1. Checking the condition aliphatic (A, V, I, L, M), more than 12 Å from the chain's Cα centre (by Cα) and within 21 Å of Y205 (Cα to Cα), which residue from A126, A91, A159, A131 passes?
2. Counting only residues that are under 26 Å from H264 (Cα atoms) and either among the small types (G, A, S) or at pLDDT below 60 (or both), how many does the stretch 135-175 have?
3. Please go through the stretch 94-108 and give me each residue that is farther than 16 Å from P182 by Cβ and either modelled with pLDDT of 90 or more or not in a helix (DSSP H, G or I) (or both), ordered by number.
4. Taking the stretch 102-155, which residues are within 17 Å of S90 (Cβ to Cβ) and of a type in the set (A, V, I, L, M, F, W, C)?
5. Considering only residues that are touching a residue at least 40 places away in the same chain (Cβ under 8 Å) and within 14 Å of H264 (Cα to Cα), which ones fall in the stretch 225-246?
6. Take the conditions modelled with pLDDT under 65 and under 22 Å from Q113 (Cα atoms) and apply them to A91. Does it pass?
Amino acid sequence: MASLIMLSIILIDARSIFPSANALAMCSEKYIPSPSLEHPNVLPVILIHGYNEPPSVWSHWEDRLRSDGIPFCTVYYFFGLQFRYDECGSALDHSNDLAQIVQDVKNWTLNDQVNMVGHNKGGLDARVYLANSDTHDVANLIMIGTPNGGNPLANELMAAAAKTVSIFLPGFDLVINSSCRPALDNLAIGADATKAMENESTNCYTIYGDWNPTLPCPLTEHEDQLYQELKRLNQIPNDGIVPVWSVESHAFLPHSILIGHTQHCQTGLLSDEEYNIAKNKVLLTAR
């Protein structure tokens, strides 16, 4: 019964944010502060989760943004008529949803631009949206641990799946899930999503993790194994899932700027350290 009540609350909230009955995205969490005297030029932030992740990965950032008086929307994608959460959707589908989210955030914050922060594949979703729409609505995009050049682990798993060969590597089923399609296809080296050209109206920034298994990690029992697989593939340094070279790939983002890096693993890249880098370098700058 409790789960049914919670579902009803979610659906009611979705309809209150998006009048259309066919809405495909909403804000799982949102915050609209009174006009800030401390930060009068701050733009609202759209938080975009990564591959096979729930919106709740942003819970700590949500607390920090509220504390700093920065408006935000945490993206929640829907799939199908049942409004099931879509953690494995394509970058193209999610980019279309982002177009809707951006307009709604602009409307309820009375701003003509927004900032975006994407974790992992969330950065690719944003890149596809920016490239396909040629919009002027996004001032800055911060990509945290985003495989801008692709992820060799995705290629490995897809190749094995095509040959009906199982990979018995701890962490693959949880973190790199072969059934999480079409999102997995977007992560592969050479995928169309990794070739989305930069939008000249948006400044692009990157943050990467340079981690090794001797350091703490929220899912170290999985990511340390994936780290070793990347090491076998000569993909060092990495954050346990995404190689640093991929985050920093400039092939289709020639003007992107590295604003910081930490020693955190992929699932630890949304800590205070990354938040402070993003806030001080981008989120509190003038429009």
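The values are calculated or read from the model by the stated rules, or taken from the named source; none is laboratory data. Quick caveat, the model's predicted, so the values are computed rather than measured. A quick note on method: Cβ atoms are made from the backbone with ideal geometry, for glycine too, and the neighbour counts reach across all protein chains shown.
1. Values: A126 fails: more than 12 Å from the chain's Cα centre (by Cα); A91 fails: more than 12 Å from the chain's Cα centre (by Cα); A159 fails: within 21 Å of Y205 (Cα to Cα).
Sole residue among the options that is aliphatic (A, V, I, L, M), more than 12 Å from the chain's Cα centre (by Cα) and within 21 Å of Y205 (Cα to Cα): A131.
2. Start the filter on the stretch 135-175 by keeping residues that are under 26 Å from H264 (Cα atoms), which leaves 140-157, 167-175.
This time we only want the ones that are either among the small types (G, A, S) or at pLDDT below 60 (or both), so: 145, 149-150, 154, 167-175.
Number satisfying all stated conditions: 13.
3. Here is the first cut: in the stretch 94-108, the residues farther than 16 Å from P182 by Cβ are 98-108.
Correct list: L98, A99, Q100, I101, V102, Q103, D104, V105, K106, N107.
4. Correct list: L124, A126, V128, L130, A131, A154.
5. Taking the stretch 225-246 and keeping what is touching a residue at least 40 places away in the same chain (Cβ under 8 Å), we get 225-226, 229-230, 233, 235, 239, 241-243, 245-246.
Those that are touching a residue at least 40 places away in the same chain (Cβ under 8 Å) and within 14 Å of H264 (Cα to Cα): D239, I241, V242, P243.
6. Working: modelled with pLDDT under 65: no; under 22 Å from Q113 (Cα atoms): yes.
Criteria not met by A91.
Conditions (1) of a type in the set (S, T, N, Q); (2) outside any strand (DSSP E or B); (3) touching a helix residue (DSSP H, G or I) at 6+ places or on another chain (Cβ under 8 Å); (4) surrounded by fewer than 24 Cβ atoms within 10 Å (Cβ to Cβ), marked per residue:
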{"position": "L124", "(1), (2), (3), (4)": "no, yes, yes, no"}
{"position": "H136", "(1), (2), (3), (4)": "no, yes, no, yes"}
{"position": "M143", "(1), (2), (3), (4)": "no, no, yes, no"}
{"position": "T146", "(1), (2), (3), (4)": "yes, yes, yes, no"}
{"position": "L153", "(1), (2), (3), (4)": "no, yes, yes, no"}
{"position": "A160", "(1), (2), (3), (4)": "no, yes, no, yes"}
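Yes/no matrix, rows are residues, columns are (1) at pLDDT 95 or above; (2) closer than 18 Å to E53 by Cβ:
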site: L187; (1), (2): yes, yes
site: K195; (1), (2): yes, no
site: I207; (1), (2): yes, yes
site: T220; (1), (2): no, yes
site: Q228; (1), (2): no, no
site: S249; (1), (2): yes, no
site: L253; (1), (2): yes, no
site: G260; (1), (2): yes, no
site: A286; (1), (2): no, no
